[in-house]
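Quick note: the coordinates plus some simple rules give every number you see, no bench work behind them. From a predicted model like this one, the values you see are computed outputs, not experimental measurements. Here Cβ is always computed from backbone atoms with ideal geometry, including for glycine, and neighbour counts include all displayed protein chains.
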Amino acid sequence: MSKNKDILDEEKKHVADATRVKYFDIVIDHGQGAKITDADGREYLDLLASASAINVGHSHPKVVEAITAQAKKLIQYTPAYFANTTTAELAKKLVELAPGDFDKQVVFGNSGSDANDAIIKFARAYTKRQYVVSYTGAYHGSTYGALSISGVSLNMTRHIGPLLPGIVKVPYPDRSQRLAGEDEITFSERLFKAFKLPFETYLPADEVALVIIEPIQGDGGIIKAPQHYMELVYEFTRQHGIVFAVDEVNQGLGRTGKMWSIDHFGIAPDLMSIGKSIASGLPLSAVVGRKDIMSSLSAPANVYTTAGNPVTSAAALATLDVIESEQLVVRSHRLGEVARYFFEQESQKHAFIGDVRLYGLNGGIDIVDAQGQPDDEATTKLIYRIFELGAIMISLRGNTLRFQPPLVITEEELSQAFEIMQCAFDELDNGLLKLPETDNHIGW
Ligand code: PMP
């Protein structure tokens, strides 16, 4: 008898498919640190913690304690009507932590999606312009606004249009487009031409409110924009009075070996969205940015009943404390380098390992066929075998292994993860892996 199966059979009757990006038929019962345990008592290493918003690990004692203490004190009074001590403290902390030597303010939300919606609102209200430029391959969320600026698969947008008008997509600067022998400056300039193309044809720059980018694309495949490209785009926004915003929902909070992914570039964005791991999985998001921009919207233009709820704020304060006190940003960088060594060694051994991208404990590893083309089938075989062997890892865009363990993963657990992957890689090379028998839709 499998409890997983019984619960899933029931659950599938009641929960609509629209909320799923389902992979494995398990039901999670509990988690601690880098480990989760399913309803049948089977333990897995969680290599997907960024997606599930758990940078500081599952049920971190300090976070649990903060949530419990706050819940005893005050669970909720809508922050839209009355401020509360905990959320006020968090606002101050986030303003301090965000890059930029200018006056800043913050608004809270319930999800990364609504934070990105708020960014669109702020940019439009501040500039009194309507157009928004965003990127192919981007994922900014599932509300109409955030979905409209995303560059995701048709599965997410089919039959629900029209989406928000006034959105222009430009190609994300993916390093796989770099030509042989092309240096980074030339590559960046070539990509920047593609960025400017709409502006030179149909899009007047003085009607553009916002450029929004993930400095390192998360769901798009863990792809980092080139430094010079980012500088060119940032400079372009300065010249034309366009708000420059970054989405740190996926790649922020130490994930990339820096506190914010934009810190890799030395640029202070006008606005940035934060979410996912900020409250260790409780629903909280924020937009932090330039006070003059944030004050362009008058009350109550961005109000949600539970946004900035005291319990989620207490969880966020504790999470930020753990990131600082356990030096998780440095740890992410250090263990990320260990992981880079592992994946690069493996790529020497296995022709099917293509591009390896690691920024902190945050990897995108491409799986390719003999011609170097994306091999979605082999990727699916791998993630299912890795699952059977006791680790949760998923794929991005079909053929990229997504490696994002909690930043608190121990070195021993990391070695276990490597052993599991190594075994699956060897078995794939030896033709031992089969496609799983499942009717789960895999991926986005
Ligand atoms: N932005 C990015 C970069 C994301 O990765 C995500 C979630 N995958 C979101 C926004 C949306 O966040 P949420 O699911 O909390 O709405």
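General remarks:
- Low-density loop cleavage sites - trypsin sites (Lys or Arg not before Pro) in the range 68-129, where at most 15 other Cβ are within 10 Å (DSSP): K128
- Qualifying trypsin sites (Lys or Arg not before Pro) in the range 247-307, where qualification requires a DSSP coil assignment and no more than 10 other C-beta atoms within 10 Å, are lacking entirely.
- Over the range 1-61, Cα pairs under 8 Å with separation of 6+ residues give a relative contact order of 28 percent.
- Farthest toward positive dipole pole in the range 12-125 [+1 Lys/Arg, -1 Asp/Glu at C-beta], among A83, I26, V15: A83
- Low-density loop positions, trypsin sites (Lys or Arg not before Pro), the range 353-444 - DSSP coil, at most 11 other Cβ in 10 Å: K434
- Gap separating the Cα centres of the range 55-105 and the range 143-215, nearest whole Å: 33
- DSSP bridge pairs, the range 62-325: antiparallel proportion in percent, nearest 5: 45
- Residue of D117, D46, D426 that the Gaussian network model of the chain assigns the largest fluctuation, springs spanning Cα pairs under 10 Å: D426
- Residues in the range 404-414 carry Karplus couplings, in order, of 9, x, x, 6, 8, 3, 7, 5, 5, 5, 5 Hz; the curve used is 6.51 cos²θ - 1.76 cosθ + 1.60 with θ = phi - 60°, and Gly or Pro positions show x.
- Whole-percent P(r), the chain, all Cα pairs, 20 Å bins from 0: 25, 58, 17, 0.
- Within the chain, DSSP assigns beta bridges of which about 65% are antiparallel (rounded to the nearest 5).
- Stretched out straight at 0.36 nm per residue, the stretch from Q227 to F102 would grow longer than its current Cα-Cα span by 42.7 nm.
- Take every Cα pair under 8 Å whose residues are at least 6 apart in sequence, average their separation, divide by the length of the chain, and the relative contact order is 23 percent.
- Distance (nanometres) between label positions extended 7 Å along Cα→Cβ at E43 and E200: 5.9
- Gyration tensor (Cα) of the range 62-325, equivalent ellipsoid semi-axes in angstrom: 32, 20, 17
- Cα-derived Rg to Rh of the range 253-355, Kirkwood definition: 1.11
- Highest-fluctuation residue, N399, N84, N155 considered, GNM on the chain with Cα pairs under 10 Å: N155
- Selected from V152, V288, V15 as most flexible by GNM, with the chain as the system and alpha-carbon contacts under 10 Å: V15
- For the range 251-258, the Karplus equation 6.51 cos²θ - 1.76 cosθ + 1.60, evaluated at θ = phi - 60°, returns couplings of 9, x, 6, x, 3, 9, x, 10 Hz by residue, with Gly and Pro reported as x.
- By the helix-only formula, in which each DSSP H run with n ≥ 4 contributes -39500 (n - 2.57) and the sum is divided by residues, the chain has a 222 nm mean residue ellipticity of -12000 deg cm²/dmol.
- Checking the Cα-Cα distances for K224/K276; K193/K258; K93/K291; K92/K291; K224/K258; K3/K381 against a 18 Å cut-off, the pairs over it are K224/K276; K193/K258; K3/K381.
- Virtual paramagnetic centre 7 Å along Cα→Cβ of A301, amide N under 18 Å, in the range 73-105: 80, 104-105
- FRET efficiency, R175 to M1 (Cβ-Cβ, R0 56 Å, nearest 0.05): 0.70
- T68-E388 pseudo-label distance in nm [points 7 Å out on the Cα-to-Cβ vector]: 4.1
- As a calculated quantity, the FRET efficiency between K349 and S415 at R0 = 22 Å, using C-beta atoms, amounts to about 0.80.
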